[in-house]
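The values are calculated or read from the model by the stated rules, or taken from the named source; none is laboratory data. These numbers were taken from a predicted model, which means no experiment stands behind them. Cβ sites come from the backbone with ideal geometry, for glycine too, and all protein chains shown count toward neighbours. All accessible areas refer to the heavy atoms of the entire protein, side chains included, with ligands and DNA or RNA removed. Shrake-Rupley method; radii C 1.70, N 1.55, O 1.52, S 1.80 Å.
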Amino acid sequence: MSKSGKFRMVVGAALASMLLIGVAPAAQASAGTTKPAPTYLALGDSLSYGYHAAQFASEYPNINPASFNAGFVDDFGGALKFASPNLQIINDGCPGETSDTFINGSGVPGYCAGGPAGVLFPYVWLHHPYGASSQLADALSILSTNTNVKVITFDIGANDVLQFLEHSCGFPATFTCGSAQIGAEFTHVVENVGLILGQLHAAAPHAKIVELGLYNPYPAVLPAPGGDQLVAQLNTALAGVAAEVPGVSFANPEPVFNPAGYHGKAETGDIPTICLFTAMCPGGTYNPVSTSADIHPTRLGYAVLATLIGLTYLTH
């Protein structure tokens, strides 16, 4: 077994132990009562899906969603099952989803994601294919019929930013956007997230919701003030809107994935952790312009995200 595989097992065991301690009293308090199986609902984009670009390319066009089983949802959900063995996990994550398509849908029946600048993703490749018009509509439908959703994780915004950088700023060939454009884009994302979190809490007022923030997979690429600072700006705003909604907490991956830039040092110092926790370093070399580079986490990176989510879940 590789070092990263062993570390992932250790992380999973430690997280399971913490969650078992953290939720066991609640489980004991409800002993003797008959309730529907507790449910963990995962919502968001490719991170919730557990996407790996190389794996997707190797399976295409015969994508088997069940084979994408090494994401943070699997690690965190598996740890939760130590405390609740009958836990049901529903993973609605859609690769390519933006905050707009999460709310409004793709506009094309049978597909999620898409939008003006995105790529459509077929429902049949989802972990939980849904017939609703959008991921938000499906989530609200689930919450209206399942009164025992205990935990919701939610990640969104990365595709909004990536599409904005590419189509509005010319990234990666150039970067033409000013602070006003960036601020307007971030405001739009945060407003959408606030709407989504508000509706999720209204539909499941007793569920604990953990929102996952963003990391910067492109250290030392964007011009001043740099990608880490921009991600920190957006994460701060997302954490702020999460704090306004009861039952919602915010898990910030940037200090772990981008420790140098997050603490005001040169972003080149982030490259070792980005190479460890993401697939941005094909052949072991950081190469953000390579077609083989993948912004998504490695298995180890997904385990780290699961740990961050688990710690946030336990401490809020």
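Cβ-Cβ contacts under 7 Å between residues 6 or more apart (or on different chains), taken from a first residue in segment 152-179 that is free of Cβ contacts under 8 Å to residues at least 24 places away in the same chain and of a type in the set (Ser, Thr, Tyr) to a second residue that is open to solvent by 20 Å² or more (accessible area, probe 1.4 Å) and in a loop (DSSP other than H, G, I, E, B), are listed as THR176/GLY170.
Yes or no, residue by residue, for (1) over 29 Å from LEU314 (Cα atoms); (2) open to solvent by less than 10 Å² (accessible area, probe 1.4 Å); (3) at pLDDT below 95:
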residue: ALA27; (1), (2), (3): no, no, yes
residue: ALA42; (1), (2), (3): no, yes, no
residue: ALA53; (1), (2), (3): yes, no, no
residue: VAL73; (1), (2), (3): no, yes, no
residue: LEU87; (1), (2), (3): no, no, no
residue: GLY93; (1), (2), (3): no, yes, no
residue: PHE102; (1), (2), (3): no, yes, no
residue: TRP125; (1), (2), (3): yes, no, no
residue: ALA139; (1), (2), (3): no, yes, no
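What number of residues within segment 110-121 are touching a Gly at 6+ places or on another chain (Cβ under 9 Å), surrounded by fewer than 18 Cβ atoms within 10 Å (Cβ to Cβ) and touching a residue at least 24 places away in the same chain (Cβ under 8 Å)? The total comes to 1.
The numbered conditions (1) more than 15 Å from LEU234 (Cβ to Cβ); (2) open to solvent by 30 Å² or more (accessible area, probe 1.4 Å); (3) touching a Phe, Trp or Tyr at 6+ places or on another chain (Cβ under 8 Å) are all true for PHE175 except (3).
Filtering segment 154-181 to residues that are hydroxyl-bearing (Ser, Thr, Tyr) and in contact with a helix residue (DSSP H, G or I) (Cβ under 6 Å, 6 or more places away or on another chain) leaves only THR176. Among the residues of segment 275-285, those identified as surrounded by fewer than 20 Cβ atoms within 10 Å (Cβ to Cβ) and either hydroxyl-bearing (Ser, Thr, Tyr) or in contact with a Cys (Cβ under 9 Å, 6 or more places away or on another chain) (or both) are CYS275, GLY284, THR285.
Looking at GLU211, GLU191, which is the one that is closer than 23 Å to ALA113 by Cα, surrounded by 18 or more Cβ atoms within 10 Å (Cβ to Cβ) and free of Cβ contacts under 8 Å to residues at least 60 places away in the same chain?
GLU211
Entry remark, segment 143-202: residues being of a type in the set (Phe, Trp, Tyr) and not in a loop (DSSP other than H, G, I, E, B) number 3 in total. Count of segment 83-109 residues, restricted to those that are touching a residue at least 12 places away in the same chain (Cβ under 8 Å) and either small (Gly, Ala, Ser) or in a loop (DSSP other than H, G, I, E, B) (or both), is 15.
Out of all the residues in segment 226-274, which are among the polar types (S, T, N, Q) and either more than 20 Å from the chain's Cα centre (by Cα) or open to solvent by less than 20 Å² (accessible area, probe 1.4 Å) (or both)? Residues satisfying the conditions are ASN235, SER249, ASN258, THR268. Within segment 298-316, is even one residue crowded, with 16+ Cβ neighbours inside 10 Å, over 16 Å from the mean Cα position of the chain (by Cα) and of a type in the set (Val, Ile, Thr)? Checked segment 298-316: no residue is crowded, with 16+ Cβ neighbours inside 10 Å, over 16 Å from the mean Cα position of the chain (by Cα) and of a type in the set (Val, Ile, Thr).
I'd like the full set of residues that are assigned to a loop (DSSP other than H, G, I, E, B) and aliphatic (A, V, I, L, M), limited to segment 222-242. Correct list: LEU222, ALA224.
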